[in-house]
1. Test each condition in (1) out of contact with any strand residue (DSSP E or B) (no Cβ under 7 Å at 6 or more places or on another chain); (2) under 25 Å from residue 123 (Cα atoms); (3) buried (at least 16 other Cβ atoms within 10 Å of the Cβ) for residue 231 and report the one that comes out false.
2. If a residue must be without any contact (Cβ under 8 Å) to a residue 40 or more places away in the chain and either within 16 Å of residue 280 (Cα to Cα) or not in a helix (DSSP H, G or I) (or both), how many such residues does the stretch 311-330 contain?
3. Please work out which one of (1) assigned to a loop (DSSP other than H, G, I, E, B); (2) without any contact (Cβ under 8 Å) to a residue 60 or more places away in the chain; (3) over 25 Å from residue 408 (Cβ atoms) is the condition residue 163 fails and give its number.
4. Filter the stretch 239-295 for residues that are part of a loop (DSSP other than H, G, I, E, B), without any contact (Cβ under 8 Å) to a residue 40 or more places away in the chain and under 30 Å from residue 193 (Cα atoms) and give the result.
5. When you go through 73, 30, 6, 38 one by one, which is the residue that is more than 20 Å from residue 88 (Cα to Cα) and touching a strand residue (DSSP E or B) at 6+ places or on another chain (Cβ under 9 Å)?
6. Select, from 174, 224, 198, 170, the only residue that is touching a strand residue (DSSP E or B) at 6+ places or on another chain (Cβ under 8 Å) and either exposed (fewer than 13 other Cβ atoms within 10 Å of the Cβ) or within 30 Å of residue 9 (Cα to Cα) (or both).
7. Can you pull out the residues in the stretch 198-231 that are free of Cβ contacts under 8 Å to residues at least 60 places away in the same chain and under 16 Å from residue 158 (Cα atoms)?
8. Residue by residue through the stretch 240-265, note down the ones that are crowded, with 22+ Cβ neighbours inside 10 Å and modelled with pLDDT under 85.
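The values are calculated or read from the model by the stated rules, or taken from the named source; none is laboratory data. Small disclaimer: the values here were computed from a predicted structure and weren't measured. Glycine also receives a Cβ, built like all others from the backbone with ideal geometry; neighbour counts cover every protein chain displayed.
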């Protein structure tokens, strides 16, 4: 019987691990609780009505349709029994394995305040993006119904918590929409007067980027009209308000882009976890004491040359391929190789022709960085249809400033 490889998670790590086993003499089962692979870096464009959900998703079965050795299951794994080598599903059934790759990723963290999630949704899934889009567009509808200036102003105040790439990209997109896409649509207020506040607890936005690019990104945000507040800590999020320190901001719409909390399945390993709930793995991405188990992507504490590997899509892709190759080495009786992350660059976009990037050691900003961001994201999208659809939508938005997915699905 062929060795059974179970992959939990159909994100970047799980998908690239499965692809690396395409022609291998193994039986692969990939399990995910959704039926689609999601291109997370563009979630904020769904949240801001630039792209439709179908533009950045693709059915996992379709992506792996040519792999005759791979079975795709839509199910949720609730726990892993390491001694018995089985994964337990939510319906009580079990999936046995000889080798296991866990790539269940992470969710947003509210730093001990889970009650804030209902007031300030994060951005990790298609459902999150649709909810943020709904709240964003609904804010303008409520402003049109407001009976006084204070309520209208509160409806037009948007607070984005977190100054990492997601928060910066989301905050940078909002003023472009309010200034160019919405004017003329409403009669009782001017959408261009909307207020966007970006809150970052650290000393600068984009803290993983070099300081000069962080400063450049902040200047770009300010030029767009975003109020950037660094060294600012959110102390409360309630019905229609946010407290930053002792200051209360009346804001009916709050978006969360701060912090990550690893998937709770990491607790199944019975190993010490870091503050984010991530599993400390060996150099070859294996779990200590369990050579048949690999943890990759945002669920793992990975290092290269003693430096932490960032929780980004390329790291998940590379770790997925590395884990799959080490499984094949184990089957052949060969020594495993340590994972070595190759950082091909970091890119964040702020607005039209406004972006920052580190590529091949070069610090880029402005037009060059923006075009680099555009090319990289198109290149990594799964499937020709998605690439074509995104290009068309971006072209439409670029030349008309309009958004093609301004749909409010429920109130």
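1. (3)
2. 2
3. For residue 163, the failing item is (2).
4. Within the stretch 239-295, 245, 246 meet the criteria.
5. Values: 73 fails: more than 20 Å from residue 88 (Cα to Cα); 30 fails: more than 20 Å from residue 88 (Cα to Cα); 6 fails: more than 20 Å from residue 88 (Cα to Cα).
The match here is 38.
6. Values: 174 fails: either exposed (fewer than 13 other Cβ atoms within 10 Å of the Cβ) or within 30 Å of residue 9 (Cα to Cα) (or both); 224 fails: either exposed (fewer than 13 other Cβ atoms within 10 Å of the Cβ) or within 30 Å of residue 9 (Cα to Cα) (or both); 198 fails: either exposed (fewer than 13 other Cβ atoms within 10 Å of the Cβ) or within 30 Å of residue 9 (Cα to Cα) (or both).
Criteria check complete, one pass: 170.
7. Answer for the stretch 198-231, where residues must be free of Cβ contacts under 8 Å to residues at least 60 places away in the same chain and under 16 Å from residue 158 (Cα atoms): 198, 199, 200, 222, 225, 226, 227, 229.
8. Residue satisfying the conditions is 262 alone.
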